[in-house]
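Visitor: Once you've had a glance at the structure underneath, I'll fire off some questions.
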Amino acid sequence: MRRIAELILALVLFIVGGYVSVFRRFPGEGRAGVVLILGAAIVFFVGAYWLWAYFINAKPVLR
């Protein structure tokens, strides 16, 4: 059950982070928009790492 929860969390992070960093643009927000995009990119890569670790049956370092 814990592995399924980890997979769901990784998928959510991967999808939400990827969507916000790729498809959302915030013109006119200046620094706040840049910080939001960078934060979404970090969330995307954390989700991608957890998915990678899940499928090679390794334990993520960020646990």
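The values are calculated or read from the model by the stated rules, or taken from the named source; none is laboratory data. Keep in mind the model is a prediction, meaning the values are calculated, not measured. Every residue, glycine among them, receives a Cβ derived from its backbone with ideal geometry; neighbour counts consider all protein chains shown.
Visitor: Of all residues in the range 39-52, count the ones that are closer than 13 Å to Leu9 by Cα and among the aliphatic types (A, V, I, L, M).
Guide: Of the residues in that region, 4 qualify.
Visitor: Testing Ala48 on (1) surrounded by 14 or more Cβ atoms within 10 Å (Cβ to Cβ); (2) at pLDDT below 80, one condition comes back false. Which one is that?
Guide: Just one mismatch for Ala48, condition (2).
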